[in-house]
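A short write-up of the structure that comes next.
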Amino acid sequence: MIFGSTGRVPGGLCALGGTGFVIFAQAKGAAKLIARQAGKRFVALALKKAGSRLAGKLFLNSKAWVKAFEHVAEHFSVKALASKASHSVFTTAFRSKPAVEKLIRQALKGPTKKYISRLTIGGDAIGRPCVVIEKEFAEVIGETFKKVGAEIVKQEGGDCKWLRIVVDITGRPITAFPFKP
């Protein structure tokens, strides 16, 4: 993979993999800054290897995956909505560790897109660099809820068919959750 081999794309740089799969580096300039700080070759390697490194950690049930699953499990109920404006929750069929692992494996086999970003802290992308892997599924895998006063209601059109997987640039899993673009 050659980072930046296809030039500029709206929102950042891109890399062209050996299969012709274009990987977008987005997040409004964050990708450029990360590439400058960490090095273009390192960023390209992180994008290329993130999926296989995560798959290895899932297979081994590593400490990193066990820790990341604690955050994934927050997306099994709306309890985390207490401190957020909106929150996505997996549908009942995907509210277990084996079901989420199966979704992640499917996403890693054929991601819709991969890009480099930064972890969010308080909703702002200011944390350490990470790789985001996204996959669109044919079926609904989650729902989005919001708080209206003291009530929790499902957002109109809140069915989620996308899975976002976040790993750090070394391939250590951070989280995975359903979302609606």
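Taking residue 110, is it farther than 27 Å from residue 49 by Cα and surrounded by fewer than 19 Cβ atoms within 10 Å (Cβ to Cβ)? Criteria not met by residue 110.
Here residue 68 qualifies as more than 20 Å from residue 138 (Cβ to Cβ), touching a strand residue (DSSP E or B) at 6+ places or on another chain (Cβ under 7 Å) and not aromatic (Phe, Trp, Tyr). Those strands (runs of 3 or more DSSP E) of region 72-181 in which at least 2 residues are touching a helix residue (DSSP H, G or I) at 6+ places or on another chain (Cβ under 9 Å), considering only elements entirely within it, cover 86-90, 113-121, 124-136, 142-148, 162-168, 173-179. Looking at region 81-96, which of the residues that are hydrophobic (A, V, I, L, M, F, W, C) and within 18 Å of the chain's Cα centre (by Cα) is farthest from residue 150 (Cα to Cα)? This residue is 94. Among the residues examined, residue 51 qualifies as modelled with pLDDT of 75 or more and of a type outside the set (D, E, K, R). When the criteria are applied in full, residue 7 fails the requirement of being of a type outside the set (A, V, I, L, M, F, W, C), at negative phi and modelled with pLDDT under 90.
Within region 93-107, not a single residue is at pLDDT below 90 and buried (at least 16 other Cβ atoms within 10 Å of the Cβ). Output the residues belonging to region 128-149 that are among the basic types (Lys, Arg) and exposed (fewer than 15 other Cβ atoms within 10 Å of the Cβ). Hit for region 128-149 is 128, nothing else. Restricting region 85-106 to residues that are free of Cβ contacts under 8 Å to residues at least 24 places away in the same chain and among the charged types (D, E, K, R), the residue that is nearest to residue 164 (Cα to Cα) is 102. Reported count of residues in region 132-174, each being under 20 Å from residue 102 (Cβ atoms), touching a Phe, Trp or Tyr at 6+ places or on another chain (Cβ under 9 Å) and in contact (Cβ under 8 Å) with a residue 60 or more places away in the chain, is 6.
Every condition in (1) of a type in the set (Gly, Ala, Ser); (2) buried (at least 18 other Cβ atoms within 10 Å of the Cβ); (3) without any contact (Cβ under 8 Å) to a residue 12 or more places away in the chain is met by residue 123 except one, and the failing one is (2).
A quick yes/no check of all residues on (1) in contact with a Phe, Trp or Tyr (Cβ under 7 Å, 6 or more places away or on another chain); (2) of a type in the set (A, V, I, L, M, F, W, C); (3) at pLDDT below 90:
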| site | (1), (2), (3) |
| --- | --- |
| 40 | yes, no, yes |
| 43 | yes, yes, yes |
| 57 | yes, no, yes |
| 71 | no, no, yes |
| 90 | yes, yes, no |
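The values are calculated or read from the model by the stated rules, or taken from the named source; none is laboratory data. As the structure is a computational prediction, the values presented were derived from the model and not from experiment. Ideal geometry is used to build each Cβ from the backbone, glycine not excepted, and the neighbour counts take in all protein chains shown.
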